[in-house]
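*Asks:* Provided herewith is a single structure, encoded as structure tokens, for subsequent inquiry.
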Amino acid sequence: MESQTTSDVLVIRPAAFASNPQTAASNRFQTKPSEAADAASALREFDGAVKALDDAGIRVHVVADTLEPHTPDSLFPNNWFSTHADGTVVIYPMLALNRRLERRMDVFERLSRDEGFYVRGIIDLTAHEARERFLEGTGSLVLDRPHCIAYACLSPRTDMDVLGEFAQRLDYDLVAFDARDAERTPVYHTNVVMTVGGKWAAVCLEAIATHEQKAVLEQLMASGREVISLTLPQMHSFAGNMLELRSNTGVPVTALSSTALQALTKEQRRTLEAHAQLLPVSIPTIERVGGGSIRCMLAEIFLPRK
């Protein structure tokens, strides 16, 4: 049975971070256009987040982005690949043309050659792009790995047909639903609506269609997790975009942004702290310009060692 958490994450150090006009229409979390200073600010925030993770005992595998081709969202690698404990890597179809340029096979060669990870095989779902069907990795998918359940809110970036192929090929059950933000626009990625930790889960039920809330909640509770209910304002502050990891000494660590931490109530914080050490990182530029938070920056590595 696959663990829910890992001690290894891969991150991409951005070369030219900027707001992405090709994703703005579907990502309402992008609230600030690019300015000349944003790339430098994002780089400082990125380096600070890496240091915080490293200090907490998380093994952070840093890969440098390249100036060409220009990939403004490269620091969100979890959208184009996921890894699994049997050695499988999944490559995903993405909506924005310039985001497809982020996919780099040399990443897996490096993980194998330099870090000792074993890649058994690659499942490539990118052929769906020709039919304008997309599934953007663990942005579109929030995985309950031990129980093989994939939660997904349908959106322009999360297509039911691709979800079906993912579920079939990786033997996952699906919990698909509709989720909308405060302006009733479909939420672009599931991982801003909810997150699933080892013994807890946080979800913005307010965002989920009323007739589907019960099914989502019951499935989360059936897995034995304590459920934290988030409000729409908390979701817009990236409180759903947390990620539980495991330090190299086995300590549970939940990474979240300072924005998300400030949005949580004292009771919610206490609940989270009962399950894992909280690790806040300050990434306001990345959140406002990129429309994603710390979970989006972390591509978990579940691959076995050689």
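*Asks:* Just to be sure I understand the filter: pairs with C-beta atoms under 7 Å, separated by 6 or more residues or on different chains, first member in segment 38-50 and in contact (Cβ under 8 Å) with a residue 60 or more places away in the chain and within 14 Å of P72 (Cβ to Cβ), second member of a type outside the set (V, I, T) and buried (at least 17 other Cβ atoms within 10 Å of the Cβ). Which pairs pass?
*Replies:* D38/F17; D38/A18; A42/P14; A42/F17; F46/P14; F46/L75
*Asks:* Moving to a separate point now. Name every residue in segment 153-163 that is among the aliphatic types (A, V, I, L, M) and either crowded, with 24+ Cβ neighbours inside 10 Å or touching a residue at least 24 places away in the same chain (Cβ under 8 Å) (or both), in order of residue number. Outline the logic, then answer.
*Replies:* Taking segment 153-163 first, the residues among the aliphatic types (A, V, I, L, M) are 154, 160, 162-163.
Across segment 153-163, the qualifying residues are L154, V162, L163.
*Asks:* Please return the ranges of strands (runs of 3 or more DSSP E) entirely within segment 45-114 where 2 or more residues are surrounded by fewer than 18 Cβ atoms within 10 Å (Cβ to Cβ) and touching a Ser or Thr at 6+ places or on another chain (Cβ under 9 Å).
*Replies:* In segment 45-114, the matching strands (runs of 3 or more DSSP E) lie at 88-91.
*Asks:* Kindly provide the set of residues from segment 199-215 that are in a loop (DSSP other than H, G, I, E, B) and touching a helix residue (DSSP H, G or I) at 6+ places or on another chain (Cβ under 7 Å), ordered by number.
*Replies:* Scanning segment 199-215 gives K199, C204.
Here is a yes/no grid of residues against (1) surrounded by fewer than 18 Cβ atoms within 10 Å (Cβ to Cβ); (2) in a loop (DSSP other than H, G, I, E, B); (3) among the basic types (K, R):
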residue: A130; (1), (2), (3): yes, no, no
residue: R133; (1), (2), (3): no, yes, yes
residue: Y151; (1), (2), (3): no, no, no
residue: F166; (1), (2), (3): no, no, no
residue: A176; (1), (2), (3): no, no, no
residue: R184; (1), (2), (3): yes, yes, yes
residue: L217; (1), (2), (3): yes, no, no
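*Asks:* Here is a follow-up. What's the number of the only condition in (1) among the small types (G, A, S); (2) crowded, with 24+ Cβ neighbours inside 10 Å; (3) out of contact with any helix residue (DSSP H, G or I) (no Cβ under 6 Å at 6 or more places or on another chain) that A239 fails to meet?
*Replies:* (3)
*Asks:* Still on this structure: Name every residue in segment 229-267 that is farther than 17 Å from I58 by Cβ and more than 21 Å from the chain's Cα centre (by Cα), in order of residue number.
*Replies:* T265, K266, E267
*Asks:* Exactly one of these conditions fails for P146: (1) modelled with pLDDT of 95 or more; (2) crowded, with 17+ Cβ neighbours inside 10 Å. Give me its number.
*Replies:* P146 satisfies every listed condition except (2).
*Asks:* Under the condition of being among the charged types (D, E, K, R) and part of a loop (DSSP other than H, G, I, E, B), which residue from segment 1-44 is modelled with the highest pLDDT?
*Replies:* If we filter segment 1-44 for residues that are among the charged types (D, E, K, R), which is where we start, we get 2, 8, 13, 28, 32, 35, 38, 44.
Now drop any that are not part of a loop (DSSP other than H, G, I, E, B), which leaves 2, 28, 32, 35.
Details: E2: 94, R28: 53, K32: 58, E35: 61.
Going through the qualifying residues, I end up with E2.
*Asks:* May I pose another question? Quick check on my filter: what residues within segment 161-196 are of a type in the set (G, A, S) and at pLDDT below 95?
*Replies:* A182
*Asks:* Hey, among L303, L261, L272, which residue is buried (at least 17 other Cβ atoms within 10 Å of the Cβ) and outside any helix (DSSP H, G or I)?
*Replies:* L303
*Asks:* Follow-up. May I ask you to verify whether H211 is out of contact with any His (no Cβ under 9 Å at 6 or more places or on another chain) and surrounded by 21 or more Cβ atoms within 10 Å (Cβ to Cβ)?
*Replies:* Considered against the rule, which asks whether it is out of contact with any His (no Cβ under 9 Å at 6 or more places or on another chain) and surrounded by 21 or more Cβ atoms within 10 Å (Cβ to Cβ), H211 comes out as no.
*Asks:* Does E183 satisfy the condition of being in contact with a Pro (Cβ under 6 Å, 6 or more places away or on another chain) and farther than 22 Å from F302 by Cα?
*Replies:* no
*Asks:* With the requirement that a residue be over 16 Å from V216 (Cβ atoms), among the aliphatic types (A, V, I, L, M) and under 18 Å from the mean Cα position of the chain (by Cα), what does segment 170-190 give you?
*Replies:* Scanning segment 170-190 gives no hits.
*Asks:* Can you confirm whether V193 is of a type in the set (A, V, I, L, M, F, W, C), under 17 Å from the mean Cα position of the chain (by Cα) and closer than 18 Å to A260 by Cβ?
*Replies:* yes
*Asks:* Of the residues V227, V251, which is surrounded by 15 or more Cβ atoms within 10 Å (Cβ to Cβ), at pLDDT 95 or above and either closer than 24 Å to E45 by Cα or not aromatic (F, W, Y) (or both)? Walk me through it before giving the result.
*Replies:* On the way: V251 fails: surrounded by 15 or more Cβ atoms within 10 Å (Cβ to Cβ).
After applying the criteria, what remains is V227.
*Asks:* Now, a different point. Failed condition for T285, given (1) under 24 Å from D173 (Cβ atoms); (2) touching a residue at least 60 places away in the same chain (Cβ under 8 Å); (3) crowded, with 16+ Cβ neighbours inside 10 Å, with all others met?
*Replies:* If we test T285 against (1) under 24 Å from D173 (Cβ atoms); (2) touching a residue at least 60 places away in the same chain (Cβ under 8 Å); (3) crowded, with 16+ Cβ neighbours inside 10 Å, just (1) comes out false.
*Asks:* So, M94, is that one closer than 27 Å to L232 by Cα and more than 18 Å from the chain's Cα centre (by Cα) or not?
*Replies:* No.
The values are calculated or read from the model by the stated rules, or taken from the named source; none is laboratory data. This structure is a prediction, so every number in the text was calculated from the model and none was measured. So basically every Cβ, Gly included, is an ideal-geometry build from the backbone, and we count neighbours across all protein chains shown.
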